[in-house]
Amino acid sequence: MNAVHLRVVAGDEHYALPVSNVLGISAIGEVTPVPGAPQHVIGVRNLRGRVIPLIDLAALLGLGDGSTLTWIVVGESRGRRCGFAVSRTLDVSELGETDDDIESPYLTGAELIDGAMVGVVDVEAIFDALTPAVAA
Amino acid sequence: MSEVIDPEILLLAREEAEERVENIEKNLLAVESGSNDPEMINELFRDAHSIDSAGAMLGWDAVASIAHSMEDRFNRCRDGEEKLMDAVPEMLISLDEMKGAVSAEVVEAAAEPRTPPTPVPPPPENGRTVAATSNGAPRPRPAQIGSVSAKPIRVSPSKVDRVLDAVGETAVNHHRLAHVLRERLSPEDSAESELELEMGNRMLSELHDSVIGMRTLPLSSITAAFPRAVRDMAVATDKEVELRMVGTDTQLDRSVLEGLPEEIHHVLRNAVAHGIESPAQREAAGKHRRGVITLRAEPRGGLIAIEIEDDGGGVPAKVLAQAEGSASLTELLCAPGFSTAGDVSNLAGRGVGLDAVKKHVDGLGGSIEVQSGPENGTKVILLLPLTLAVLRVLLCERAGQAYGVPLTSVREVVIATDTVSLGGRRALDLNGDPVDFEDLAEELGAPAPELPVGGPALIVDTADRTTALACDTVLGDEEVVLKSLGPLLSSATAYLGAAILGDGRVALILDPNQLVRGPHTPNHTNGHGATALTPIEAGPEASPPASSGEPKVLLVDDQKSVREFQGGILEDAGYSVQLACDGREALERMEESEFDIVLTDIEMPVMDGFELLGAIRGGSAPASIPVVMVTGLGTDEQKQRGAEAGADAYLVKREFDQHALLDVVSALVGA
């Protein structure tokens, strides 16, 4: 896939999110914890008048919850929004050849870029997994 | 010809035409319902005439021609050549044609509406100049004479949202600025800046409130088509039905209004098809031939209630009977595919259709309820969500986090000084009544330091219990726009949502019904559409826990009457009771057999209650057995002493209540 992606660093690992799923980037700002929230949802934030949930991307991807969270990548899929909290944002670029043989439910592939393995994030899958089934 | 006319003027002309059309329709329906107002025919004529002249002027030939024929007809009615009542059905059909013609005229000219047309006074009788130059010279606008009319201006919703967002960001920026200043300035310098910051805060709050006010629209913005729809449906089913509307000026956030018209239409359809009987049936039942459906809207607590009530025959008796047995009437009628109609009429389709309405309303976070009876007709109540509407909340802080509780659930705010331990739970003395005392942070599972001594507590009333919710500080009440936390946080049921405060902070808005633990009355619909909680046994009739055999109570008191009295209560409730008349005898009993709980008086000869307690805690097996001190005096020192000595609970005979006793025992034995 040659689509344009945003590269970030989360929990010391590199990831790429398709810009078609990214609405923007913001500094982490003031996080309001929500007691009783499901795992990985570290809280909510006021983003230009909207209240969006924040997810620790590194924790979600199994890297533990000790990473420094400096930025949020506002992700969107079919009307659902959230902020993925990451340590660093790198750049926006086209990906080259990706290896799509990857086991994680949240990644669609991986590519070696500048010596680092970059996991390609499946934003839609993450939203699907985190959104509880709507009661009929 | 339309191409040379200023698109803004065209749009304005269309709006005016549409308003006149609406007015004609309203009057025609009124006439059909039997209104005798003599002025009406004049108004009808005038409106038709105005549309005719405007249409002719703008070159809207189709529109003008229809309007002209209507005008002629109204004129004949006015002259007595024809009865207006008889002309109504055909006039309504002509009106529909005219609506179509008006829309068609403006479709090409208007791409995206530009800046909203500025309010202009209605055109004088002899028409006005149409600005039609196409050479780019400044065009003369219709003269604005006199004062600005009160006519509202139309602004696209996205513009209002942009302003709201900008206000929000400004507030956040202000908050950060304040923070930076406070860090950098010395106390002497900060006084002046504090003043300015405070002012800024206030102004931003006001600005915020004003913009929020702009987002709401009256219900009337979607109800205009209903009376006509009801009338048409009635005609199609050979019935006579009138729709009355009350409270349509009730304001709702426009996001709630979206999608509502269809739901209300659904309910109206049911009311006409299934609710209202045929004129013959009604007369036979002693009612007026014409049925009435009333649509009533009003704010109710923090919600908006929209009621649609018909004066028909109500839901059939056998359905009511079914409802009593199993689910509630509401659940029954809202089940998919349910129908009370014997035949499937084209009008109402297969089922009663309420399941779709319920889904929509539930999805918004609201609720639906149906009340019906053979004598009273049927009433459908839609309680519309707080999610998108404006809500008054009481704001408080706990552990640095702001929370809001809907004001309608808050009875009062008190300073929590008098709390006692009762059955393992803390209680607050509220004018003599014990009220459950809960730390807000604990209820939510949020990490927090100890509550401040003498801090505030919100007395929160829910459907079935009252709780004192303790926090660090109370910030005051405020009107907020409730924002949904979104699907990712839908499992966090303690919250209705979140709100963005004037200073940009996010406050979590609590759902009192979900927040406070405790028994819920079964069959009580939760007002927010959440899945019903499994009913826990209500307190007062608590029976002993189903452990092996009956739990054994050791009752210690030196007065026989008391032993008999309390013993009787406990035995009736299913406990096995043994008696002792003082502490020493109690210890002897405990050597002989095992007990689940000890209830002891304090003032007793030989060995009093405290000594007994000490002995139990000091070593007699089992040291951890629950011990309840029951006494004739309720002084604080005694309570304190009891608590320190390790009593689990404290009951005062003077306030003695059979239920309290059983509650306490049940709670401690079950633990």
With all protein chains present and a 1.4 Å probe, the order of B:K379, B:K552, B:K318, B:K359 from largest accessible area down is B:K318, B:K359, B:K552, B:K379
With all protein chains in place and a 1.4 Å probe, B:D436 shows an accessible area in Å² (nearest 10) of 30
Plugging the Cβ-Cβ distance of B:R289 and B:E169 into 1/(1 + (r/R0)^6) at R0 = 51 Å yields, to the nearest 0.05, a FRET efficiency of 0.25
Using a 1.4 Å probe on heavy atoms of the protein chains only, the accessible area for B:H179 in Å², nearest 10, reads 110
Too long for a 23 Å Cα-Cα cut-off, among B:K83/B:K287; B:K287/B:K379; B:K99/B:K379; B:K358/B:K483; B:K99/B:K358; B:K358/B:K379, are B:K83/B:K287; B:K99/B:K379; B:K99/B:K358
For A:H40, B:H208, the accessible-area ranking with a 1.4 Å probe, largest leading, is A:H40, B:H208
Asked for the total accessible area buried by A and B (1.4 Å probe, Å², nearest 100), one would answer 1900
In nm, the gap between the two label points placed 7 Å beyond Cα toward Cβ at A:I102 and B:E479 is 4.9
So, with points 7 Å from each Cα along the Cβ direction, the B:V180-B:K318 label distance in nm works out to 7.6
Residues of the range B:28-45 with backbone N under 17 Å of the label point set 7 Å from the Cα of B:N75 along Cα→Cβ are B:41-45
By accessible area (1.4 Å), largest first, B:I51, B:I93 order as B:I93, B:I51
Per residue of A:37-47, other chain Cβ atoms within 10 Å number on average 5
Burial-style ranking of B:55-67, B:33-45, average other-beta-carbon count within 10 Å with highest first, yields B:55-67, B:33-45
Loop-resident GluC sites (Glu not before Pro) in the range A:1-105 with no more than 10 other Cβ atoms inside 10 Å, DSSP not H/G/I/E/B, are A:E97, A:E103
Rg from C-alpha atoms of the range B:208-296, normalised by the globular rule of thumb 2.2 N^0.38 Å, equals 1.33
Taking the square root of 5λ for each eigenvalue of the C-alpha gyration tensor of chain A, the equivalent ellipsoid has semi-axes, largest first and in whole angstrom, of 23, 17, 14
Cβ-Cβ cut-off under 13 Å around B:A56, Lys and Arg +1, Asp and Glu -1: the net charge is -4
Taking Cα pairs closer than 8 Å and at least 6 residues apart, the relative contact order of chain A in percent is 28
Env charge @ B:I24, Cβ radius under 9 Å, K,R +1 / D,E -1, value -2
Mean other chain Cβ within 10 Å across A:50-56 is 5
Per the helix-only model, chain A has a calculated mean residue ellipticity at 222 nm (DSSP H runs of ≥4, -39500 (n - 2.57) each, divided over all residues, rounded to the nearest 500) of -2000 deg cm²/dmol
Relative contact order of the range A:1-62 (C-alpha contacts under 8 Å, at least 6 apart) in percent is 22
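The values are calculated or read from the model by the stated rules, or taken from the named source; none is laboratory data. Not measured: the values here are computed from a predicted model. All Cβ positions, even for glycine, are placed from backbone atoms using ideal geometry, and neighbour counts span all protein chains on display. When the accessible area is computed, the model is the full protein with side chains, heavy atoms only, and any ligands, DNA or RNA have been set aside. Shrake-Rupley method; radii C 1.70, N 1.55, O 1.52, S 1.80 Å.
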